[in-house]
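Asks: Below: one structure in structure tokens.
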Amino acid sequence: MRFRAKIVDLACLNHFSRVINTIAKLAKSCTLRLTVSKLYFILSDRVANGGVSMWCELCQGNFFDEYQMEGVAVDHNEIYLELVPENLSRALKTAQSAKAVKIKLTNKHSPCLRVAVELPSLSSSSRIVTHDIPVKVIPRRLWNDFREPSVPDFDVSIYLPALKTMKSIVERMKNISNCIVIEANLSGEMNLKIETDVVSVTTHFKDLGNPPWASEDGCQSSAQDRDLQSMAEARIDIKKLQQLLVGQQVNPTKALCNIVSKRIVHFVLLHEDVSLQYFIPALA
């Protein structure tokens, strides 16, 4: 079992750092799955128990100049590690003007991801700052706990408004209520609502557009037979939504959400080489 990778390109390094910063804001601890072509950051708090879950996927070729990975076995050529993303985020903060960053799985006293940051120096010799990030190797028998969550059979799928706009609205609403209702329909309309005994506030968005989802047989999900004006809604913890909006540094080119009425809201942020899925369960 071996893993080593190197980033030289500064733009790739900064982009990778932004993704890791996002993960660190969304999860105290997560699973890093390494395959030959991709890296995955996975948080699988049981949605059934009220926890959020996250699935972030990166194509290694778009970030790393060198990438070597040998999995636990020839027929299971993958590695699963448990780590605290904040530790990786902190290590990468020292790399903002680095000449190169090397990441390697080591096991001197216990398993670690070693992040070696080569910094520019006035002399001919370079300075290297090394961070050892403790990891736990997840045994093969537990891998099935970390499979990609299936896209729920949603009632409505809709593109999100500008995330900065959403963030400032949700931050203001958070001062009034602990939960927020997200509702949307297939006519490109979405509302954010809070209600207390004293006040009710609704922000309306229109003309957002609905993604053209298609299933294997070429038709849309359960949404296809739905009345276009009919709203699907879910009431969720406003702090969990705010965490996503404040934490995301992926700066997606596309952002959408799928609503399963009264059950779950599934957010998808897409940026060329990164996809981030975030699931927030509905409150009873």
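The values are calculated or read from the model by the stated rules, or taken from the named source; none is laboratory data. Note that the structure is predicted; figures quoted are calculated from it, not measured. For neighbour counting, all protein chains shown are included, and Cβ atoms are generated from backbone atoms with ideal geometry for every residue, glycine included. For the accessible areas, the whole protein counts, side chains as well, though only heavy atoms, and no ligand, DNA or RNA atoms are used. Shrake-Rupley method; radii C 1.70, N 1.55, O 1.52, S 1.80 Å.
Asks: With the dipole of region 2-145 worked out from charges on the C-beta (+1 for Lys and Arg, -1 for Asp and Glu) around the Cα centre, which of Leu13, Ser123, Ala73 lies farthest toward the positive end?
Replies: Value: Ser123.
Asks: In addition: Suppose we flag GluC sites (Glu not before Pro) only when DSSP calls them loop and at most 15 other Cβ atoms lie within 10 Å. Which is the longest uninterrupted stretch of the chain?
Replies: It runs 1-215.
Asks: Could I ask something else about it? If I take R0 = 22 Å and measure r between the Cβ atoms of Arg90 and Arg127 in this structure, what FRET efficiency does the formula 1/(1 + (r/R0)^6) give, to the nearest 0.05?
Replies: 0.75
Asks: How large is the charge dipole for the chain, taken about the Cα centre, if only the Cβ atoms of Lys, Arg (+1) and Asp, Glu (-1) carry charge, to the nearest 20 debye?
Replies: 1360 debye
Asks: Right, something else. Note down the magnitude of the dipole of region 100-179 about its Cα centre, charges +1 on Lys and Arg C-beta and -1 on Asp and Glu C-beta and zero elsewhere, to the nearest 20 debye.
Replies: Computed charge dipole of region 100-179: roughly 400 debye.
Asks: With the chain treated as a Gaussian network of Cα nodes joined by springs under 10 Å, which of Ile79, Ile128, Ile194 yields the largest mean-square fluctuation?
Replies: Between Ile79, Ile128, Ile194, it is Ile128 that shows the largest mean-square fluctuation.
Asks: By how many nm would the segment from Asn62 to Arg2 grow when fully extended, if each residue of separation counts as 0.36 nm and the alpha-carbon distance is taken off?
Replies: Working it through step by step, the gained length comes to 19.5 nm.
Asks: Right, another one. Set the bar at 21 Å for Cα to Cα. Now go through Lys28/Lys254; Lys104/Lys254; Lys38/Lys99; Lys6/Lys38; Lys6/Lys99 and name every pair that lies beyond it.
Replies: Violating the 21 Å limit, Cα to Cα: Lys28/Lys254; Lys104/Lys254; Lys38/Lys99.
Asks: Once label points are set 7 Å from the Cα along Cα→Cβ at both His109 and His76, what is their separation, rounded to one decimal in nm?
Replies: 2.9 nm
Asks: Kindly rank 239-249, 104-114 from highest to lowest mean number of other beta carbons found within 10 Å of each residue.
Replies: 239-249, 104-114
Asks: Over the chain, with every protein chain in place, what whole percent of the accessible area is carbon and sulfur at 1.4 Å, could you tell me?
Replies: 48 percent
Asks: Taking every pair of alpha-carbon atoms in region 2-145, give the share separated by more than 24 Å as a whole percent.
Replies: 30 percent
Asks: Okay, moving on. Where the only charges are on Cβ atoms (+1 Lys, Arg; -1 Asp, Glu), what is the dipole of region 2-145 about its Cα centre, to the nearest 20 debye?
Replies: 360 debye
Asks: Suppose a student asked you for the relative contact order of the chain, using Cα pairs under 8 Å spaced at least 6 residues apart; what percent would you report?
Replies: Relative CO of the chain lands at 20 percent.
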